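What follows is a short report on a single structure.
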Amino acid sequence: MAGQAIPDGTREMLVFLGTAGIAVPLFHRLRVSPVLGFLIAGVALGPYGLGWLARAVPAFSLLSIGNARRLDDIAELGVVFLLFMVGLELSFERLSRLRRLVFGFGALQLALSAAVIALPAVALGLAPAAAIVLGLALALSSTAVTVPVLAERRHLNSSAGRTVFSVLLFQDLAVAPLLFTVTALSTPRDAGLGVALLVTLGPAVLALALIVLLGRTILRPLFHVVAATKSTEFFMAACLLVVIGTGAVAVAGGLSMSLGAFLAGLLLAETEFRREIEVTIEPFKGLLLGLFFVSISVGLDLGAIAARPELIAALCLGVVALKALIVYGLARLFRLSRGVSGEVALLLGPSGEFAFVLVAQAAAAGLLPGPVAHVTTVAVTLTMMLIPLLARLGERVGRRPAALPVPAEPPPDDGEARVIIVGYGRVGRLVGEMVALHGLPFIAVDGDARLVRRERDAGAPVYYGDARRHDFLEKCGLGAARGLVVTLNDPRVAEEVVEAARAERADLTVVARARDAEHARRLYDLGATDAVPETIEASLQLSEAALVDMGVAAGHVIASVHEKRDEFRKLLNEKRPDGRERRAIRRPLKRQ
């Protein structure tokens, strides 16, 4: 209707979408990290960038983000989706193997870093309670920036990546106790500390138990019901419900929303829906995480930096240097190589997003002086903006010849060269059995949720998903796959799968089941290495059985069947009706 007012936050959201669609791709072409691109764009669009110019030229206000708080609630979902995706890549078994790094390395890093930062703060005149809060806040590192940077550089599964993630996971688990610590330090001694501890941590434990219990009993059946509808929209809605719902349960228990989503990802990592969920959530995660980075840098107070540049610089460099030295020493203590230790130290040196929460709560309780809280917030933001640059430096350090993997940690299996079987009905199951018989690992994909459930219960490595999607094939390991076997009964879908796979890898062996000779010709045109028409193959097998049963020598019959099969293959690859040569078979199958 005419005259309706534009909803609050619409202009800020339009500016952000313009940034994501135009500015960040330009940074990408300049080989600048997307994370750094969003951070730089946030500063440029904020009140000290275009917002400052808008005072002289009002037209610039249309291109600036005047009130970043309108985006904060949505932006925080970026970290939530990020931790959910990280959980999908792990499992409770893999997480248990990291317990030494999580609860050993992580706990020592947090305690030592907080103590080393708090001591100079007390020496400079800050009250002991305020110094403890400041030390705890600055001891935390950034999950929201560090993990995407590692993923972008394909370093998340390296020795350094696993170590960094383990420490960050412990820090996320420690957020609730840290918030309680701030509350306890600002509460009078006679207020009943034990009762306060029970009231604060009790709901957190109940929330964790509820997420795990409901996740174990409800999540898999829920996705089976949704997948049976074969509706992309319903599947997406179920994914969003799980991510945001588990996050809300965690918040109700006093935990971070991202920790609840991480647990949901862990629970779904062992199911057949893992890869399809990854593909569904990925666009939301990327866009919302970009919004989170913009919201961080928009709030950067350039005025405070200009007023006290030497103080801000000393605080930033001091925090990063102190934490990096502590982390490096602990990494060597845990028998990590020098190269890996250096990379881990550089990545964990900067502060993180949860520092904002602790500092804000301490300032609101009167525990931390306002000017100190303001300067700390600016310093934390600046150190977070340094992470992409430190990650690049850390990668060079980690490439030193002395770098060794984490002891007792198995190598990641993500790059294993598997055979991918698309369609796991009667034909696909037999192909899987033959592939396994010859010692080749395989992964199977099917769009029938009930079939997938039945086969997974029987121990088969089958996943639910749509293999026509390039991103889904990539999640299944197409880049390292030894071959792709398409056994689908639907000719149109089989053609789309072959076309999608061939577009991703020109050297891949693609063998497809064909309905008849004409369908085989179309599959060859789309790039199939070999297409097997079921009508022709059934006729050849029937002829072989009949001739042998009637007394003809088996060796002669088999040889003639192979000759006839080769004739059909040549016939299917003859010139097309328009006179052009059909696509040649890339890797002919050897016949015995």
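The values are calculated or read from the model by the stated rules, or taken from the named source; none is laboratory data. Computed from a predicted structure; not experimentally measured. Cβ atoms come from the backbone with ideal geometry, glycine included; neighbour counts cover every protein chain shown.
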- What residue, among those in the range 503-518 that are within 22 Å of Asp466 (Cβ to Cβ) and out of contact with any Lys or Arg (no Cβ under 9 Å at 6 or more places or on another chain), is surrounded by the fewest Cβ atoms within 10 Å (Cβ to Cβ)? Ala503
- Out of all the residues in the range 265-282, which are surrounded by fewer than 20 Cβ atoms within 10 Å (Cβ to Cβ) and either among the aromatic types (Phe, Trp, Tyr) or closer than 19 Å to Thr146 by Cα (or both)? Glu282
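Tell me, which residue of the range 31-43 that is touching a residue at least 12 places away in the same chain (Cβ under 8 Å) and of a type in the set (A, V, I, L, M, F, W, C) is farthest from Leu300 (Cα to Cα)?
Val35
Keeping to the range 227-255, report how many residues are farther than 16 Å from Glu278 by Cα and not polar (S, T, N, Q).
Final tally of qualifying residues: 12.
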- Query: Pick from the range 285-342 the residues that are under 25 Å from Arg396 (Cα atoms) and hydroxyl-bearing (Ser, Thr, Tyr): which of them is nearest to the chain's Cα centre (by Cα)?
  - Reply: Ser341
- Just give me the residues in the range 483-493 being farther than 12 Å from Arg469 by Cα and out of contact with any Phe, Trp or Tyr (no Cβ under 8 Å at 6 or more places or on another chain), in sequence order. Gly483, Leu484, Val485, Val486, Leu488, Asn489, Asp490, Pro491, Arg492
- Look at Ser61 and say whether it is over 24 Å from Ala261 (Cα atoms), of a type in the set (Gly, Ala, Ser) and at pLDDT below 70. yes
- Note on the structure: Among residues of the range 133-161 being among the hydrophobic types (A, V, I, L, M, F, W, C) and part of a loop (DSSP other than H, G, I, E, B), the residue surrounded by the most Cβ atoms within 10 Å (Cβ to Cβ) is Leu140
- Message: Among the residues of the range 77-128, what is the count of those that are more than 16 Å from the chain's Cα centre (by Cα) and at pLDDT 75 or above?
- Response: 33
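Looking only at residues in the range 394-415 that are modelled with pLDDT of 70 or more and over 17 Å from Pro148 (Cβ atoms), which one is surrounded by the fewest Cβ atoms within 10 Å (Cβ to Cβ)?
Here the answer is Arg396.
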- Note on the structure: Of the residues in the range 478-491, those that are surrounded by fewer than 18 Cβ atoms within 10 Å (Cβ to Cβ) and not in a helix (DSSP H, G or I) come to Arg482, Asn489, Asp490
